[in-house]
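Quick note: the coordinates plus some simple rules give every number you see, no bench work behind them. This one's a predicted model, so the numbers in the text were calculated from it and none came from an experiment. Please note: Cβ atoms are built from the backbone with ideal geometry, for glycine as well, and neighbour counts cover all protein chains shown.
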Amino acid sequence: MKPLLSLKGVEKIYQTESREEIIALSKIDLEINDGEFLAIVGPSGCGKTTLLKLISGVLTPTDGEIYFAGDALGISHRKLLAMVFQQPALLPWRNVLNNILLPCELRGQDLKTYTAESLELLKLVGLEGFAYRKPQELSYGMQQRVAICRALISQPKLLLMDEPFASLDTFTRLELTRLLLEIWSLKKQTVLFVTHNIQEAVYLADRVVVMTPRPGRIAAIVDVNLPRPRTEEQMYSEDFSKCAKTIHQFFRKL
Amino acid sequence: MPKKPFYHTGSFLTFLSFGFVLLLWEVLTRIFKIPKWLLPGPTLICRELWNSAGILWQNTLVTGSEIVQGFVLALIGGIVLGTIIAYSPFLEKTLYKLLAATQAMPKAALAPLLVIWLGLGHPAKLAMVFLMCFFPVMVSMVTGLQSTSRELLELAEVLGSNWLQSFLKIRFPAALPYLISGVKVAASLSVVGAVISEFVNADKGLGYSLLVSAAQLNGPLTFASVVILAALGVMLFSLVSLLEKLICPWARSSLDK
C-alpha cells in the first residue's frame, strides 16, 4: 500500500533572536497510510505541533522532504488538508453555518451546494438546529464540534488535529472522542491526531507515534492491536493497559 | 430573573442623579444670590438657549461641521495608515514610533502654527480636529490588527487564503472592537480640537462665541455655548456606541461576561 503522507529526514531548526539555534525536530522519518488513524503523543516541547505545521504547510522544513501521495508537498495539497486546533477558533461575527462555510468561501466554491452539506454535518455532530446561532451562544464543547464540521466541509484526505480536546472537561472529552471515532469510520479520511494524553492516543489510534523532546524526535512507533469499533469498556482491558504502559515507558526514561 | 422595578434600573438612577445636581445648582444660586455673570442657574441658561437660539444655531453649524469633517478625515486616515503600519514591520519601527513620539507634544500648542500654515479659515480648524482624533484611531487600528488570534491566522493560512481575503474576512472584522474603542476616544477629543482652534483664531463658531461672551461677562450665553458643546460631544459619542452595537455586537457580549 502506498502511504498517503511520508516524511523523509525532516528537520526543523528555529533561530532565536540571539542567533541561537534550537532544533525543534531532528531527522523525522514517518509514513502515514491512507485511511489510518495515527496519534502522536509526547510532552510539550517535543515538536509535535511543529510537525503538524510542517505538514499543513504553515512552516517549511529546514531539511528533508515531505511527500503527499507520492508528490512533493506543495500549495496544491492544501485543499486536501484540514486542521482542527485546541481552540475552536470560530469567527464570532458569523453564525455557525457561515463559520462552517468559511473554507468554501475562501476557495470560491458554490455556497448553495455546501450549505446542504453543512447542515448534514451539523446533524452528524449532534448540533441540528444550531446553524443560525452565534458561536458565543454555544458551549465550548459545541464550538469544538462546529470546528470539526468546518474541517470536514472541504472533504479532506487528511485531517490534522492539534490537541483538539485538551481544553475540554473529561465528560465532554469522552463524548467528542466517541464522536470522532464515529465520524472517522463513516468518512474514512486519514487522521493525524496530536495529543499529550496517552490514554486518548491508545483509545483512538491504529498506531501511536511516541515523541521525545530536546531535540524533538520519534522515540518509537507503537501498534495498537485493539479491535474496532473501539468502546470505552476497552479502556479498562488488559491489552489497553499493556499498550499504554509500553508508551509510558518511553517517557519514564526522560 | 424577575424584572427589576423601574426605579432600580441604571438609566433611571442616572437620570435621577442628573436631576438632583441640576436642582442643587439652581437652589444654591438662588439662596446665595450668585450674580449671573459669575454662575447662572440652569433655568437662566435654558432661557438663554431659547432667546439666543438663532445665533447659537449658526455657531453650532460652524463648529459641528468642523468636528464632523475633521473626525471623518481622521477616521479614514487612521484606518488606512493603521492598516499599512500593521502590515509593515519597517514602517512600524520607523513611522509608527515617530508618530508616537509626536504625541508627547501638547497639540493645543500647534494651533497657532496651524493658523500660520493654513490661514485663518476653515482648513486650520479641520486640521486641529484631525490632529486630535487621528492618533487614537490609528493606534487602535494597529493594535487591533496585530492582536488577531494565532489560531485564526493559521486557519487562514491552512485554508490557503490570500492577503486580501484574510484581511477582509478575518483580520479586519476581528480588529473592529479595538478600532471602535479608539474611535470613541477620538469622538470626545474632536470637540476639544474644534474649541481650541476657535479660541486661537475665529470669527464664528461656538468656541468663538464662548470666548466673546465670557469677555463680555455674559454668563448665560457663555454657559449656553458650553452646554451645546457638551451636547455635541455626547451625541458623537453615543452615535459611535450605537454603531458599535450594530456592527460588532459580539464585542459587547464578551465584555458582559
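Taking Cα centre as origin and charging only the Cβ of basic (Lys, Arg, +1) and acidic (Asp, Glu, -1) residues, the dipole magnitude of the protein assembly as shown rounds to 860 debye.
Of the residues A:170, B:102, B:148, the one with the fewest other Cβ atoms within 10 Å heads the list, and the complete ranking is A:170, B:102, B:148. For chain B, a Gaussian network of Cα nodes joined below 10 Å ranks B:90, B:18, B:71 by mean-square fluctuation, and the top entry is B:18. Averaged over the residues of A:100-106, the number of partner chain Cβ atoms lying within 10 Å of the residue Cβ comes to 4. Backbone phi angles across the range A:127-134, fed through the Karplus curve with coefficients 6.51, -1.76 and 1.60 (θ = phi - 60°), yield HN-Hα couplings of 10, 4, x, 9, 4, 9, 7, 8 Hz in residue order; Gly and Pro are listed as x. Dividing the summed -39500 (n - 2.57) terms of all DSSP H runs of n ≥ 4 by the residue count of chain A sets its mean residue ellipticity at 222 nm at -10000 deg cm²/dmol. Springs between Cα atoms under 10 Å define the GNM used for chain B, and in it the highest mean-square fluctuation of B:179, B:159, B:73 occurs at B:159. Here is how the number arises for chain B: DSSP H runs of 4 or more residues each give -39500 (n - 2.57), the sum is divided by the residue count, and the result at 222 nm is -25000 deg cm²/dmol. Along the charge dipole of the range A:3-252, pointing to its positive end and built from +1/-1 on Cβ of Lys, Arg, Asp and Glu, which listed residue (A:237, A:125, A:25) has its Cα farthest out? The residue sitting farthest along the positive end of the dipole is A:125.
Among the listed pairs A:79/A:123; B:97/B:169; A:8/A:245; A:48/B:93, those whose Cα-Cα separation exceeds 26 Å are B:97/B:169; A:8/A:245; A:48/B:93. For the range A:1-80, a simple Cβ point-charge model (Lys and Arg +1, Asp and Glu -1, everything else neutral) yields a dipole of about 220 debye relative to the Cα centre. Across chain B, the relative contact order, built from alpha-carbon pairs under 8 Å that are at least six residues apart, equals 26 percent.
For the range A:1-101, the residue among A:45, A:62, A:35 whose Cα projects farthest onto the positive side of the dipole built from Cβ charges is A:35. Along the range A:39-50 the Karplus relation, 6.51 cos²θ - 1.76 cosθ + 1.60 evaluated at θ = phi - 60°, assigns HN-Hα couplings of 10, 10, 10, x, x, 5, x, 8, x, 5, 5, 4 Hz to successive residues, with x for each Gly and Pro. For the range A:89-203, relative contact order (Cα pairs under 8 Å, six or more residues apart, normalised by length) works out to 27 percent. For chain A, modelled as a GNM whose springs connect Cα atoms under 10 angstrom apart, the maximal fluctuation among A:67, A:203, A:236 occurs at A:236.
For residue A:59, the residues 5 or more places off, or on other chains, whose built amide H falls under 5 Å of its own are A:54.
With a simple spin-label model that places each label point 7 Å from the Cα along the Cα-to-Cβ direction, the separation between residue B:101 and residue B:116 comes to 2.1 nm.
Any idea what the dipole of chain B comes to, in debye rounded to 20, about its Cα centre with Lys/Arg Cβ at +1 and Asp/Glu Cβ at -1?
That gives a dipole near 480 debye.
Measuring nothing but how far apart in sequence close Cα pairs (under 8 Å, 6+ apart) lie, relative to its length, chain A scores a relative contact order of 26 percent.
Within the shell defined by Cβ-Cβ distances under 15 Å, the residues around residue B:205 carry a net charge of -1, with Lys and Arg each +1 and Asp and Glu each -1.
Inter-chain Cβ neighbour count for A:78-91, averaged per residue, equals 4 (cutoff 10 Å, partner chain atoms only).
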